[in-house]
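Below are the structure tokens for one structure; questions will follow.
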Amino acid sequence: MAATQEKPTTRLISGPGMLLVWLYGVMVVGAVSRSIVQISTEFEHAPLAYSLSALAGVVYGFITYSLVRGGETARKAARFCCAAELAGVLVVGTWTLVEPSAFPDTTVWSEYGMGYLFIPVLLPITAMYWLRKTAPQGDAA
Amino acid sequence: MLVPLTVATAVAALLLAAWCGWAAYRDQPTKDWHFIGMAVVSVLALVQLVVGIVQLARGDKPEQGTTIFVSYLLGAFACVPVTGFMSLAERTRWGSVTVAAGGVVLAVLQVRLYDIWGG
């Protein structure tokens, strides 16, 4: 890993953090490559679904970068993005169930990420728990 | 796509996942034997990549498109080595868990590869 040099900042990739980086990395590759292919070849087919996949990919990318980078600011930023991600999964997941016609094709977040073994909905919860645990003593923010 | 090879890779990946999961359960980091296991699985994925490209070169067409097929082949090949390096950076049980997760991801990729090729 790139950020292994000893720093006084909060290290976010020790222990369970390493597993999170791997899973987020997989989601980045999955969501980004998927949306690149779909947007470049058949964007008109399902613009909303493909745009959402691209957005999901960007959010995942940012969280992965924050985890690897470490430090207090990155920790807070990652927590914020995890919350946004969770909200995204829940909103889009519900949306795809209530109004399937808006989505001619699936997104990463369709049906709460069922096509991805529900990892999209489980991951932000786990990550938020982890980021809370790595908070400096006496700071639960 | 060579179905026996796909099945073999998926099974090997799941065995690797179980093995590293066991190491994690016993609170151990990945050891030399685990890395040999990862090498075996990675070689299978590499063979698959080569076989896939040869089949494309011979004019066979995957059902869901060549681009997607090749990206999945590359992803499948990269999967286990990447987690191997991550477990070198994380010398605790969590490194083992990461490799186990890599094995599961590879098995899922095999299922997807099978679908993409079209049976």
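Mind checking which residues of region B:38-67 are more than 25 Å from A:MET18 (Cα to Cα), among the small types (Gly, Ala, Ser) and out of contact with any helix residue (DSSP H, G or I) (no Cβ under 6 Å at 6 or more places or on another chain)?
B:ALA57, B:GLY59, B:GLY65
Of all residues in region B:75-111, which are within 9 Å of chain A (Cβ to nearest Cβ), part of a helix (DSSP H, G or I) and of a type in the set (Ser, Thr, Tyr)?
The answer is B:THR83, B:SER87, B:THR98.
Another question, if that's okay. Which pairs do you get when a residue that is on the phi < 0 side of the Ramachandran plot and modelled with pLDDT under 80, found in region A:126-141, comes within reach of a residue that is open to solvent by 70 Å² or more (accessible area, probe 1.4 Å) and part of a helix (DSSP H, G or I), reach meaning Cβ atoms under 8 angstrom, with the pair 6+ apart or on two chains?
Cβ pairs passing all conditions: A:ALA140/A:ARG132; A:ALA141/A:LYS76.
Just wondering, is there one or more residues in region A:70-82 that are more than 14 Å from chain B (Cβ to nearest Cβ), open to solvent by less than 10 Å² (accessible area, probe 1.4 Å) and out of contact with any helix residue (DSSP H, G or I) (no Cβ under 9 Å at 6 or more places or on another chain)?
yes
Could you figure out which of (1) touching a residue at least 12 places away in the same chain (Cβ under 8 Å); (2) under 28 Å from A:PRO16 (Cα atoms) isn't true of B:VAL70?
Only one criterion in (1) touching a residue at least 12 places away in the same chain (Cβ under 8 Å); (2) under 28 Å from A:PRO16 (Cα atoms) is unmet by B:VAL70, namely (2).
Just to check your reading of the model, which residue among A:MET114, A:MET128 is open to solvent by 20 Å² or more (accessible area, probe 1.4 Å) and in contact with a helix residue (DSSP H, G or I) (Cβ under 6 Å, 6 or more places away or on another chain)?
Unique residue meeting the criteria: A:MET128.
If I ask for residues that are more than 8 Å from every other protein chain (Cβ to nearest Cβ) and either surrounded by 16 or more Cβ atoms within 10 Å (Cβ to Cβ) or under 20 Å from A:MET27 (Cβ atoms) (or both), which ones from region B:59-69 would you list?
Across region B:59-69, the qualifying residues are B:PRO62, B:PHE69.
Related question: Consider B:VAL108 carefully, then state whether it is within 22 Å of A:GLY30 (Cα to Cα) and without any contact (Cβ under 8 Å) to a residue 12 or more places away in the chain.
Criteria met by B:VAL108.
Of everything in region A:93-118 that's of a type in the set (A, V, I, L, M, F, W, C) and modelled with pLDDT under 90, which residue is farthest from B:ALA101 (Cα to Cα)?
Filtering region A:93-118 for residues of a type in the set (A, V, I, L, M, F, W, C) gives A:95, A:97-98, A:102-103, A:108-109, A:114, A:117-118.
Imposing the further condition that a residue be modelled with pLDDT under 90 reduces the set to A:102-103, A:108-109, A:114, A:117-118.
On the way: A:ALA102: 33, A:PHE103: 30, A:VAL108: 19, A:TRP109: 20, A:MET114: 18, A:LEU117: 13, A:PHE118: 14 Å.
Per the criteria, the residue is A:ALA102.
Can you tell me which residues in region B:31-58 are of a type outside the set (A, V, I, L, M, F, W, C) and open to solvent by 50 Å² or more (accessible area, probe 1.4 Å)? Walk me through how you get there before you give the answer.
Restricting attention to region B:31-58, the residues satisfying the condition of being of a type outside the set (A, V, I, L, M, F, W, C) are B:31-32, B:34, B:37, B:42, B:48, B:52, B:55, B:58.
Of everything in region B:31-58, those that are of a type outside the set (A, V, I, L, M, F, W, C) and open to solvent by 50 Å² or more (accessible area, probe 1.4 Å) turn out to be B:LYS31, B:ASP32, B:ARG58.
Okay, moving on. Quick one: is A:THR10 more than 13 Å from chain B (Cβ to nearest Cβ) and open to solvent by 20 Å² or more (accessible area, probe 1.4 Å)?
Spelling it out, A:THR10 is indeed more than 13 Å from chain B (Cβ to nearest Cβ) and open to solvent by 20 Å² or more (accessible area, probe 1.4 Å).
The values are calculated or read from the model by the stated rules, or taken from the named source; none is laboratory data. What you see is a predicted model, and the numbers here were worked out from it, not measured in a lab. No Cβ is skipped: glycine too gets one built from the backbone with ideal geometry, and neighbour counts run over all protein chains shown. Heavy atoms of the whole protein, side chains included, go into the accessibility calculation; ligands, DNA and RNA do not. Shrake-Rupley method; radii C 1.70, N 1.55, O 1.52, S 1.80 Å.
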